[in-house]
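A.B. asks: Before I ask anything, let me first share the structure, which is written out below as structure tokens.
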């Protein structure tokens, strides 16, 4: 079956702009989680959506937001970009909310903020 | 919050055995996970431990001691393709969302 698909794979933005990233989970998976990965901080949890509702949220400012559609596809948005937002943004899906621990990750969207 | 500690980097020889340790401090433990991430690729699931003991899966084994806040990932018969980052992650506090450590970069040399 098809894996988790993230678009775009690479993008460059400037400070102050906003960006929207997309994630299509594995068919049948209802939970989508987003993570930010940087060399210094590792993988940090942003938020999780399940059945179109945000169920869990990490410690990121309100500039980071997301949503999930009825087909389980998810988007995350970062507004007023800062240099420190440069990172790999990973999306992960699971069947029912990661209670088995097995998250299926996409290849990620690498964001560079200039 | 959670503190998850694992070594930054390890090196080992092809064919050898390597043990990657992970210690954590948390409340309301819900499980510990290990993921493998090759450079430029997505993390992939290796193991999930929620009870104490050793879980074996082929060349990879994962151990958990909840009382000690300690886990290790054991890789046997190392192959060059095992060169990757190994991420320890812990779920706790009523959530099953794992919090990840910074990862251990394993370099396997001939």
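Computed from the coordinates by the stated procedures, all read-outs in this text should not be read as laboratory data. Worth saying up front: this structure is predicted, and the values here are computed from it rather than measured. Cβ: placed from backbone, ideal geometry, glycine included. Neighbour counts: every protein chain shown.
A.B. asks: Among B:64-73, B:42-51, how do they line up from the highest to the lowest mean number of other beta-carbon atoms within 10 Å? Working shown, then result.
C.D. replies: Details: B:64-73: 16.5, B:42-51: 18.3.
In descending order of packing, they fall as B:42-51, B:64-73.
A.B. asks: What average number of partner chain Cβ atoms lie no more than 10 Å from the Cβ of the residues making up A:23-31? Don't skip to the end; give the middle numbers.
C.D. replies: Numbers: counts 0, 0, 0, 0, 0, 0, 0, 0, 2.
Partner-chain Cβ atoms within 10 Å, mean over residues of A:23-31: 0.
A.B. asks: Test of understanding: in a Gaussian network model of chain A with alpha carbons linked when under 10 Å, which of A:37, A:54, A:17 would top the mean-square fluctuation ranking?
C.D. replies: In this elastic network of chain A, the residue with the biggest mean-square fluctuation among A:37, A:54, A:17 is A:17.
A.B. asks: Which whole-number percent gives the relative contact order of the stretch A:42-114, counting Cα pairs below 8 Å spaced six or more residues apart? List each step's numbers first, then the result.
C.D. replies: Numbers: 102 pairs, mean separation 16.7, N = 73.
Relative contact order of the stretch A:42-114: 23 percent.
A.B. asks: Pick out which of B:93, B:31, B:40 has the largest mean-square fluctuation in a Gaussian network model of chain B, springs linking Cα atoms closer than 10 Å.
C.D. replies: Maximum fluctuation in the GNM of chain B, among the listed residues, is at B:40.
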